[in-house]
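In what follows, a single structure is set out as structure tokens and then discussed.
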Amino acid sequence: MQNSFKSSKNDKQPIVSFIITYYDLPVDLLCRCIESILSLSLRADEREIILVDDGSQKSPLAGLEQYIDDIIYIRQANGGLSKARNTGIQISTGTYLQFIDADDSLIRKGYEHCLDLVRYKQPDIVFFQLSDKVEEQSSVFEDSDQMSGPTFMRTNNLRGSACGYLFRRKTLSELRFTPGIYHEDEEFTPLLFLRADVIISTNATAYYYRTRENSIMTSKNVRHIIKRLNDAKEIILRLNVMADSMPTESSKALIRRVHQLTMDYIYNVIHLTHSRHYLDRQLAVLSKAGLYPLPKRDYTKKYIWLRRLMNSDMGLSMLMRAIPLMKKK
């Protein structure tokens, strides 16, 4: 069941709907998130702030009195990040959408540049930079030429996080997040990019993300680790099947992403389990799907180096010893 509070607005369509997902976090972090949106040059009728409370034990609304006129508040039964984002999509009315985790915030100068790209060039997606540091960068920004989503994906690494880009709502079409899984962004993001006719990539650092030790992605709980790995594997297998039925250009673009996700998955199996037996079982599944050994491609230096090691028994043995001692970049 959903409960909502909506501030009064006029009928003008907002430029951006900001979808904030919240679950059991300190309210002061949420306030900083909202403040980072309000500090932008958008007028009240040009922005829409949607706060989706995914069944927190205690509603944060009492601590948000100063923002009541600026937000749309939705409280729903706990269903996970995917359901919370899908709710935000459903009620949003902005031309563009921006996902924000409630403990993160926007970096004003960089995000203003993204808004300028939206105002004056109107791409389907603005792909910006994220940082774990909140300080502003210089005002000199570099942007890519406009290109289609498939072209971008064939020639660039794709960062999975759905918070890492500002995108046109109509580009979504029927696409939504898959409920009940971890790594939902890794499935959503490439499928969204394939739908985009015009993408602009910028070096503007526009989003500050906070790393928390007690988050699901940093949890050392064995059950969480295995679910993370299983969900990541299932996403890879689904994307691989989808690629087979796509037009040639989109298929090539998605296959590159699948190969990179497969490399990352093998790395994470080693890093998170330290188990050669478990690794060999997963490699057998990937091999049956035609994804292992990793194909010879010159995507990146990292891919070339890891592919050579991962495709041999000696190389895997070396990685089993080395990766647990390394901090993943």
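The values are calculated or read from the model by the stated rules, or taken from the named source; none is laboratory data. All values reported here derive from a predicted model rather than from experimental measurement. Glycine gets a Cβ as well: all are built from the backbone with ideal geometry, and neighbour counts include every protein chain shown. Ligands, DNA and RNA are excluded from the accessible area calculation, which covers all protein heavy atoms including side chains. Shrake-Rupley method; radii C 1.70, N 1.55, O 1.52, S 1.80 Å.
Couple of notes before you dig in:
- Of Y292, Y96, Y278, the one that fluctuates the most in a GNM where the chain has Cα springs shorter than 10 Å: Y278
- Once the Cβ-Cβ distance of A44 and N221 is raised to the sixth power relative to R0 = 51 Å, the FRET efficiency obtained is 0.75.
- Taking 16 Å as the straight-line reach from the Cα of K133, the aspartates and glutamates in range (excluding those fewer than 8 positions away in the same chain) are D101, D103, D104.
- Think of a 1.4 Å ball rolled over the protein heavy atoms: the chain then has 48 Å² of accessible area per residue.
- Around T155: net Lys/Arg minus Asp/Glu count, Cβ-Cβ under 15 Å: +3
- When both bridge partners sit in the chain, DSSP labels roughly 35% of those beta bridges antiparallel.
- Of the residues M318, M310, M242, the one that moves most in a GNM of the chain with alpha-carbon contacts below 10 Å is M318.
- Tilt relative to the chain, helix 301-310 - C-alpha long axis, 0 to 90 degrees, to 10: 40 degrees
- Helix 248-273 vs. the chain, principal-axis angle (Cα, 0 to 90°, nearest 10): 80 degrees
- Summed over all non-identical Cα pairs, the Kirkwood treatment of the chain gives a radius of 21.0 Å.
- Applying the criteria of a DSSP loop state and at most 12 other Cβ atoms within 10 Å to the GluC sites (Glu not before Pro) of the range 146-228 yields E174, E213.
- Debye equation applied to the C-alpha atoms of the range 63-146, log10 I(q)/I(0) at 0.19, 0.26 Å⁻¹: -1.13, -1.39
- Within the accessible area of the chain (1.4 Å probe), percent carbon and sulfur: 51 percent
- Folded to 0 to 90 degrees: helix 184-194 orientation relative to the chain principal axis, Cα: 80 degrees
- Semi-axis lengths, Å, the range 187-329, gyration tensor of Cα atoms, sqrt of 5 times eigenvalues: 25, 21, 16
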